[in-house]
Structure formats: C-alpha cells, structure tokens
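Here is the structure we will look at, set down as structure tokens.
Derivation of every value follows stated rules applied to the coordinates shown; laboratory data play no part. What you are looking at is a predicted structure, and each value in this text was computed from that prediction instead of being measured. Every residue, glycine as well, gets a Cβ built from its backbone with ideal geometry; the counts of neighbours run over all protein chains shown.
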Amino acid sequence: MRRPFIAGNWKMYKTPAEAKTLISQLLPLLKKADIDVAVCPPFTSLETVLKLTADTVLRVGAQDVFWEEEGAYTGEISPVMLFDMGCTYCIVGHSERRQYFGETDTSVNKKVKALLKQKLIPIVCVGETLAQREEGITKEVCRLQIEQGLAGLKPEEAARLVIAYEPVWAIGTGKTASAGDAQEVIGYIREVLAARFGKESAGQIRILYGGSVKPDNIQELMAEPDIDGALVGGASLKAKDFAEIVNYKNS
Ligand code: PGA
C-alpha cells in the first residue's frame, strides 16, 4: 500500500516572518491521519520552517538543488546542505524551472541521483504544455521526461521516488485536469515505470497530481487508483485551504 502524500510548493512566496505565521496557523488545523505531509518553502525560509515543525507531522522540502556536493558554484545549494539542515524532500524539474531556468531532463537526472545519494527524497515533476496536449502527445512527453529524468537508477532507488504529474496548463490557472484525465496519464506513467524498473518498484512509487488542486477537488482526485497525493501550489499558501486538502479523509 502506498501512503498518501500531500506536499505544498510555496514557490517564491513567504519571507521567514510570513512563513512563521503560516506554519503556526497551519499546525493546529492538521488532523491525525495516515498520510505524509510536507511543505517546500523558499531556501531563505527553510531554517525557520524546520525549527517550527521539528516535533510535528509536517516534513520539509526544498524546491530545487544543484547536483554537486560542494564547490565553486556561486548561488547554488547542494543536497548535502539540504540534508544537513533536516530537509526530507526536494522538488526537481518543476515546469517553472524548465520554462524559466533552463532545467532539462539531463539536469533533472543528475539532481535526482545526487539527492538519492544523500537520502533525500526527490519529487520529480513531469507534465505537458497546452500545445503538447492539443497535439495529442501528452503521454509521449511524460514518457520521455520519466525515461530521461530517471535514467540509470536501480529499481530499489526508483522505489523511493515521488513523481508529480503536473500538466503545465493546469498550474496556477484554476484549470484542473479532470480526475479521470489525471488518472489516465498517471496510470500510464506507472506503466512506463513498471517497464523500466519492474512492477514491484513501480507499485511503490508515489505519484502525485499537481495543478490547481483545491479543497473542492482533492476528494475526487484521491479516489483514483493511481493518484497517491497532490503537489499543491497556490492553495498551500493559505493555512485553511492547505489543511482542508491534507484533511481530505476527515471531511
Ligand atoms: P498550483 O501549482 O496548485 O498553484 O496550480 C502547482 C505547482 O506548481 O506545483
């Protein structure tokens, strides 16, 4: 059984002071349930959030990383640094990084390997643009992103990953893929993973849906057999909304 996982991607929002307010509003709202929960603040708020969540159910992730352990790489942060701080997860290959910062499947692959080496859990994002969806190549795009992004991993390494299927046209737009459409692509991604890493490992990989997830659509998404959770952007910046999403089992 895959344990459900809901992660909040704060993107470039929340100073340490604002992060403190959000976390202190969020923690009392989280109900005990059999699921994993994480937030991914910007680097500058990681320390604040890690301190505030130390003895709680909330885990913490970063939004990006460089693949080297240390060195003359001005402006970069390494997996060693994230692990040392106490991070558990790190988002890799988010479409905004692919679109604005030159992230490619090759750099995703290096980052995934570097994170796994430090016992950090990569949340690997894949997904098609609107033009690619309209062209009818959604599955092909996701297959290539998975195959190239995860090239060279052993099945037992792959089993530890989290994948996030985020159709680019659904991110921050209020347009969600229907639960059925999301299941179709996510089910296909699991087939691609099974072909590459074997059925057993593929069955352990958690695959999240991301793109305008809100309290009112989380239930139907989670009802789908291959959707194991959500990567939540905008709604994770509001304590009440994110808590409602996390507490989907209790509502
Ligand atoms: P959104 O973002 O929930 O605001 O659409 C999701 C994401 O980019 O991870």
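So here's what we get for this one:
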{"quantity": "Lone unmet requirement of (1) surrounded by fewer than 22 Cβ atoms within 10 Å (Cβ to Cβ); (2) of a type in the set (Gly, Ala, Ser); (3) closer than 25 Å to residue 11 by Cα for residue 149", "calculated": "(1)"}
{"quantity": "Search result, residues across the stretch 60-89 that are in contact with a Cys (Cβ under 8 Å, 6 or more places away or on another chain) and within 25 Å of residue 24 (Cβ to Cβ)", "calculated": "60, 61, 62, 63, 82, 89"}
{"quantity": "Any hit, the stretch 125-136, residues being surrounded by fewer than 21 Cβ atoms within 10 Å (Cβ to Cβ), within 16 Å of the ligand (Cβ to nearest atom), over 18 Å from residue 38 (Cβ atoms) and among the β-branched types (Val, Ile, Thr)", "calculated": "yes"}
{"quantity": "Pair list, Cβ < 9 Å and 6+ apart or interchain, from the stretch 17-36 residues that are touching a residue at least 40 places away in the same chain (Cβ under 8 Å) to residues that are part of a helix (DSSP H, G or I) and surrounded by fewer than 16 Cβ atoms within 10 Å (Cβ to Cβ)", "calculated": "25/240; 26/240; 29/240"}
{"quantity": "Hey, residue 139 crowded, with 21+ Cβ neighbours inside 10 Å, touching a residue at least 12 places away in the same chain (Cβ under 8 Å) and among the basic types (Lys, Arg) or not", "calculated": "no"}
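One line per residue, one yes/no per condition, for (1) of a type in the set (A, V, I, L, M, F, W, C); (2) within 12 Å of residue 237 (Cβ to Cβ):
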site: 12; (1), (2): yes, yes
site: 16; (1), (2): no, no
site: 27; (1), (2): yes, no
site: 57; (1), (2): yes, no
